[in-house]
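Peer 1: Before we start, here is the structure in question, set down as structure tokens.
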Amino acid sequence: MRRHADLIVLGGGPAGAVSAWLAARDGLDVLLVDPDRQAPRLEGLSPRLHRWLARQGLLRGFSAIHGPLRRQVDWAGISDSNAEHVVLRHALDAHLRRAAAAAGAVPVVASGRPEAGGAVLSDGRQLRAPLVIDARGRKAPAAGGRAPATVALSGWVVAEAAAPGIRLAAFAGGWLWRVALPDGRIWAQALLDAAGPGSPEERLRAAIAEAEPGLEAVPAGAVLAREAAPRLPAPVSDLSLLRVGDAFAAMDPLSGHGQFWAVSSALAVAAVRRTLAARPGSEALCRRFLNRRAFETSLHQMRVGRDFLRAETRFGAAPFWSARHAFPDDRPLAVPAVPRIAPGIVIENGLLARRELLRTPRSPGGIGWFGAIPAAEVWRRWQQGGAPALRARWGEAAPTLARRLQAEIGPEPA
Ligand SMILES: Cc1cc2nc3c(=O)[nH]c(=O)nc-3n(C[C@H](O)[C@H](O)[C@H](O)COP(=O)(O)OP(=O)(O)OC[C@H]3O[C@@H](n4cnc5c(N)ncnc54)[C@H](O)[C@@H]3O)c2cc1C
């Protein structure tokens, strides 16, 4: 086994596998360390990530995605319906690791942890590299603060026939996500306070009975128990050990976007890695970018999650709900009331660059471009003369620009 590389990636979930894939395509010698021991589980695949993976060719030859399935949401007394894809996560992760290997990353089937100058495997072998990416997910030591201890209990269940589809329902003790696949299999996942009476099987069964009384489901095999509390990121200082995905910041599973954020952080860290290599002296820029991501993007997402939990007022006094109303804090979502232009750091041609961003209520973190056109410039022109001003400047591209801008600011711009 090779012991020296340009990069060691610890963990081969979506964040680690995509990090290794990107680095191998950049021509780096990469070791991708993962024990390859994930328990089977089902998760929702957000449309944004689904599109991105498909565009990169990363879903070629992969069939463990189901959907779109009708998704019924019973939350805060509101009953809503939309559609969602679901994916067998262990299969997706193994597929992404194979893609990384096909791009040139060397798989190392083992567990490991970072140490100065590289990593050490659980059998004591040492690996050396100037850069380590920690993508161990929630197995990485928690760096920032955590929400109250939360457990996810999940597994296949048997029940009287349930119509194919997904159901998300709140109940006093937590919430339940249940998927009936077209082939008849049913997956149930309950999010509960970590401490509670009964075995995992008994607790999952009781949660289903409370959230979906008509289903009468019983676990069909082993129930998987996972730590599931959201985790805040910690400030970034050491640029030779970069955290990605849940190892950096773990969102509330309720968001359904954890995998998207994991892959998005792999892309962000790839830009940091390239910038450090291409532009000597760029350390301060890279730290600033990562810390902004940590404290603006992650905090914003966590506050969105908190407000979603707060909106469910039927069980407000129950311990599961009241304990989570103040995480990550009690501060309101900091969104600009009207669009504004502000300086920021963006990824341009794979590298970090200081640019103007357009911050909007929908995208408070800022938008760099609409396609290849700077979003700040589009906003300036729009303020000068609306759609005709866009047409005068960008011709046939103007209607698309106007549509994208209006999606951000609403149909009647300020
Ligand atoms: C209950 C629950 C439900 C969720 N539902 C959804 C959902 O519906 N949709 C969604 O998008 N997200 C969901 N998420 C979030 C999503 O699972 C995570 O955000 C995503 O998996 C993070 O990816 P990652 O690559 O950072 O970490 P992980 O996916 O956790 O991958 C970590 C990898 O590191 C490996 N590893 C661990 N320790 C070591 C070690 N010492 N050495 C080497 N490798 C190691 C593991 O084997 C694993 O392969 C959910 C999370 C939970 C807890």
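The values are calculated or read from the model by the stated rules, or taken from the named source; none is laboratory data. Keep in mind the model is a prediction, meaning the values are calculated, not measured. Cβ atoms come from the backbone with ideal geometry, glycine included; neighbour counts cover every protein chain shown.
Peer 1: Applying the selection to segment 40-70, what residues are part of a strand (DSSP E or B) and within 15 Å of the ligand (Cβ to nearest atom)?
Peer 2: Here is the first cut: in segment 40-70, the ones part of a strand (DSSP E or B) are 42-45, 65-70.
Listed by number, the residues that qualify are Leu42, Glu43, Gly44, Leu45, Ile65, His66, Gly67, Pro68, Leu69.
Peer 1: If a residue has to be buried (at least 22 other Cβ atoms within 10 Å of the Cβ), small (Gly, Ala, Ser) and more than 10 Å from the ligand (Cβ to nearest atom) to count, how many in segment 135-179 make the cut?
Peer 2: Residues that pass the stated criteria total 3.
Peer 1: Moving on. Test of understanding: among Val87, Val33, which residue is at pLDDT 95 or above, surrounded by 15 or more Cβ atoms within 10 Å (Cβ to Cβ) and in contact with a Ser or Thr (Cβ under 8 Å, 6 or more places away or on another chain)?
Peer 2: Working: Val87 fails: in contact with a Ser or Thr (Cβ under 8 Å, 6 or more places away or on another chain).
Result of the check over Val87, Val33: Val33.
Peer 1: Go through (1) within 14 Å of the ligand (Cβ to nearest atom); (2) farther than 20 Å from Ala229 by Cα; (3) touching a Gly at 6+ places or on another chain (Cβ under 8 Å); (4) not assigned by TED's automatic domain parsing to the domain that holds Ala277 and name the single condition Val73 misses.
Peer 2: With (1) within 14 Å of the ligand (Cβ to nearest atom); (2) farther than 20 Å from Ala229 by Cα; (3) touching a Gly at 6+ places or on another chain (Cβ under 8 Å); (4) not assigned by TED's automatic domain parsing to the domain that holds Ala277 applied to Val73, the lone miss is (3).
Peer 1: So, one more: Please find, among Leu32, Leu96, the residue that is among the hydrophobic types (A, V, I, L, M, F, W, C) and in a helix (DSSP H, G or I). Step through it out loud before you land on a result.
Peer 2: Working: Leu32 fails: in a helix (DSSP H, G or I).
Testing whether each residue is among the hydrophobic types (A, V, I, L, M, F, W, C) and in a helix (DSSP H, G or I) leaves just Leu96.
Peer 1: Given the conditions (1) in the same structural domain as Gly245 (by TED's automatic domain parsing); (2) touching a Lys or Arg at 6+ places or on another chain (Cβ under 8 Å), and given that Leu333 satisfies all but one, which numbered condition is not satisfied?
Peer 2: Of (1) in the same structural domain as Gly245 (by TED's automatic domain parsing); (2) touching a Lys or Arg at 6+ places or on another chain (Cβ under 8 Å), only one is false for Leu333: (1).
Peer 1: Does Gly344 satisfy being in contact with an Asp or Glu (Cβ under 8 Å, 6 or more places away or on another chain) and assigned to a helix (DSSP H, G or I)? Don't jump to the end; show me each part of the working.
Peer 2: Working: in contact with an Asp or Glu (Cβ under 8 Å, 6 or more places away or on another chain): yes; assigned to a helix (DSSP H, G or I): no.
No.
Peer 1: Quick one: Ala222 ticks every box in (1) within 16 Å of the ligand (Cβ to nearest atom); (2) crowded, with 16+ Cβ neighbours inside 10 Å except a single one, so which number is it?
Peer 2: Checking Ala222 against (1) within 16 Å of the ligand (Cβ to nearest atom); (2) crowded, with 16+ Cβ neighbours inside 10 Å, the one that fails is (2).
A quick yes/no check of all residues on (1) over 18 Å from Gly350 (Cβ atoms); (2) in contact with a helix residue (DSSP H, G or I) (Cβ under 9 Å, 6 or more places away or on another chain); (3) within 16 Å of the ligand (Cβ to nearest atom); (4) at pLDDT below 90:
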{"site": "His257", "(1), (2), (3), (4)": "yes, yes, yes, no"}
{"site": "Asn291", "(1), (2), (3), (4)": "yes, no, no, no"}
{"site": "Glu296", "(1), (2), (3), (4)": "yes, no, no, yes"}
{"site": "Phe308", "(1), (2), (3), (4)": "yes, yes, yes, no"}
{"site": "Ala311", "(1), (2), (3), (4)": "yes, no, no, no"}
{"site": "Gly316", "(1), (2), (3), (4)": "yes, yes, no, yes"}
{"site": "Ala323", "(1), (2), (3), (4)": "yes, no, no, no"}
{"site": "Pro336", "(1), (2), (3), (4)": "yes, no, no, yes"}
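Peer 1: Still on this model: Here are the criteria: (1) in contact with a Lys or Arg (Cβ under 8 Å, 6 or more places away or on another chain); (2) buried (at least 23 other Cβ atoms within 10 Å of the Cβ); (3) farther than 23 Å from Ala64 by Cβ. Tell me which single one Gly196 does not satisfy.
Peer 2: (2)
Peer 1: Looking at segment 215-325, what helices (runs of 4 or more DSSP H) fall wholly within it and have at least 1 residues that are touching a Phe, Trp or Tyr at 6+ places or on another chain (Cβ under 8 Å)?
Peer 2: Numbers: elements: 258-278, 283-292, 299-311, 319-322.
Correct list: 258-278, 299-311, 319-322.
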